Amino acid sequence: METNTITVFKGDGIGPEITDAVLAILDAAGADLDYEIFRVGAAEYEENGALIPEEGFASFEKTHVLLKSPITTPLGTGFRSLNVTLRKKYDLYANMRPAKSNAAVKTPFERVDIVMFRENTEDLYAGVEEKIDENTAHSIKIITRKCSERIVRSAFDYAVKNKRKKVTCVHKANIMKLSDGLFRDVFYEISREYPGIEAEDKIVDNVAMQLVMHPETFDVIVTENLYGDILSDLTSGLIGGLGLLPSSNMGTDFAMFEAVHGSAPDIAGKGIANPTAFLWSACMMLEHLGKQEISAKIRRAVDEVLKDGTILTPDLGGCAGTEAYTKAIIERL
Ligand code: ATP
């Protein structure tokens with residue numbers, strides 16, 4: 001990847017605060033990036049009638065790399081989730097969410113190191129819903145071989161590249177025998193191409209329990225859209241909360257990087273949001289751009305600040321604000 005220009009979407013709620021923090025750290029670390037920054041979300045809609053300005057889409061289509069802060073989808077009919085829209089429009093099919101224990105963040109769980117691959121474009125998120133009558137609504141779950149194959153391959157390719165040992169397929173094929181059954185069958189077919197990696201499958205409810213009882217037994221997980229959404233919030237809880245879970249959304253041509261958490265309207269504007277998940281998402285972006293050293297430098301600085309433990313945001317038990325935390329990271333750079 002040669003590009004040094006990236007598209008940035010400043011969203012709603014805590015979005016603008018954590019975007020400012022992250023861009024300041026990227027600059028201080030010498031990431032040497034040019035930003036095309038767009039306001040997106042509720043404020044943009046109220047002023048200009050669109051949640052994302054046309055120029056924002058055009059910029060992403062030019063740079064192919066998007067750093068996106070959280071956006072609130074307005075409630076009510078007529079608004080399709082912006083996240084779902086972006087994932088579908090640019091076919092960002094592989095959502096990767098790494099959850100790793102950090103020695104500096106105290107939780108009841110140690111040695112968590114789980115990388116979740118969530119299929120991002122179909123399942124119940126396909127948006128095929130209909131109202132049958134006043135008291136009945138249908139939502140159609142779509143699972144295809146094509147989409148299952150590519151997400152399963154992403155998980156196994158990652159496992160090989162990163163020397164991981166096992167990939168677990170999570171499903172509910174005992175009940176949804178055709179749709180989840182297809183996903184599981186495709187998983188085992190593809191797994192045969194990767195003889196060096198152990199392949200196993202587990203039912204989603206069992207996984208929810210096992211993740212809390214024995215999280216250290218999981219390595220790479222591959223799953224459908226809805227299960228991945230729910231279970232990755234669970235894994236964020238294992239490592240200290242939503243403020244610490246980054247993600248990438250990769251397609252064949254486009255890549256989008258975002259924190260797993262939402263726009264946190266309850267703490268917006270208070271200056272106490274934790275920018276770490278978004279910063280680690282930016283680190284994944286730097287790695288995608290071939291800037292491994294800059295990413296490692298930022299990760300080291302964050303680790304030091306977390307380990308030092310004196311300047312932490314309230315979600316991690318501290319009393320520092322976003323600005324002080326950002327400044328502490330920049331000083332460590
Ligand atoms: P969405 O539906 O968009 O996921 P949500 O309201 O369900 O949004 P979040 O916005 O992720 O969920 O917030 C869930 C909780 O986690 C809130 O109490 C919020 O304050 C907290 N939270 C989320 N992100 C952060 C963060 N970066 N720093 C501190 N607290 C956060």
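Summarising the label geometry, the points placed 7 Å from Cα in the beta-carbon direction at residue 37 and residue 303 lie 3.0 nm from one another. Computed per residue of the chain from DSSP H runs no shorter than four, each worth -39500 (n - 2.57), the mean residue ellipticity at 222 nm is -12500 deg cm²/dmol. Other residues whose C-beta falls under 14 angstrom from the C-beta of residue 14 contribute a net charge of -4, scoring Lys and Arg +1 and Asp and Glu -1.
The phi torsions of segment 288-294, fed into the Karplus equation with coefficients 6.51, -1.76 and 1.60 and a -60° offset, translate into couplings of 4, 7, x, 9, 4, 5, 5 Hz, rounded to whole numbers, with Gly and Pro shown as x.
Starting from the Cα of residue 177, step 7 Å toward the Cβ, then list every residue of segment 93-128 with an amide N under 19 Å from that point. It comes to no residues whatsoever.
For residue 262, the amide hydrogen comes within under 5 Å of no other amide hydrogen, counting only partners 5 or more places away or on other chains and with H modelled in the peptide plane. A 1.4 Å probe run over the protein chains yields, for segment 67-219, 52 Å² of accessible area per residue, whole-number rounding. Value of Rg to Rh for segment 40-179, rounded to two decimals, is 1.02; Kirkwood radius and Rg both from alpha-carbon coordinates.
Here the Kirkwood formula puts the hydrodynamic radius of segment 228-333 at 14.5 Å, using every distinct Cα pair.
Using C-alpha pairs under 8 Å with a sequence gap of at least 6, the mean separation divided by the residue count of segment 216-333 gives a relative contact order of 19 percent. Under 22 Å of direct C-alpha separation, and excluding same-chain neighbours fewer than eight residues apart, residue 10 reaches these lysines: 62, 68, 88, 89, 270, 327. Pairwise Cα separations in segment 1-96 fall into 5 Å bins from 0 onward with the following percentages, short to long: 3, 12, 22, 25, 20, 12, 4, 1, 0.
For the chain, the calculated P(r) over all alpha carbon pairs, in 20 Å bins from 0 to the bin holding the longest distance, is 31, 59, 10, 0 percent. At full extension, residue 333 and residue 252 could sit 25.8 nm farther apart than now, given 0.36 nm per residue minus the alpha carbon distance. Karplus-derived 3J(HN,Hα) values for segment 44-52, using 6.51 cos²θ - 1.76 cosθ + 1.60 with θ = phi - 60°, are 5, 5, 4, 7, 10, x, 9, 5, 10 Hz; glycine and proline are entered as x. Taken one residue at a time, the phi angles of segment 240-256 give Karplus couplings (6.51, -1.76, 1.60, θ = phi - 60°) of x, x, 5, x, 10, 10, x, 7, 10, 10, 10, x, 6, 10, 10, 9, 10 Hz. Gly and Pro are set to x. The portion of the accessible surface of the chain made up by carbon and sulfur, rounded to a whole percent, is 53 (1.4 Å probe; DNA, RNA and ligands excluded).
The values are calculated or read from the model by the stated rules, or taken from the named source; none is laboratory data. As the structure is a prediction and not an experimental result, all values here were calculated from the model. For neighbour counting, all protein chains shown are included, and Cβ atoms are generated from backbone atoms with ideal geometry for every residue, glycine included. Only protein heavy atoms, including side chains, enter the accessible area calculation; ligands, DNA and RNA are left aside. Shrake-Rupley method; radii C 1.70, N 1.55, O 1.52, S 1.80 Å.
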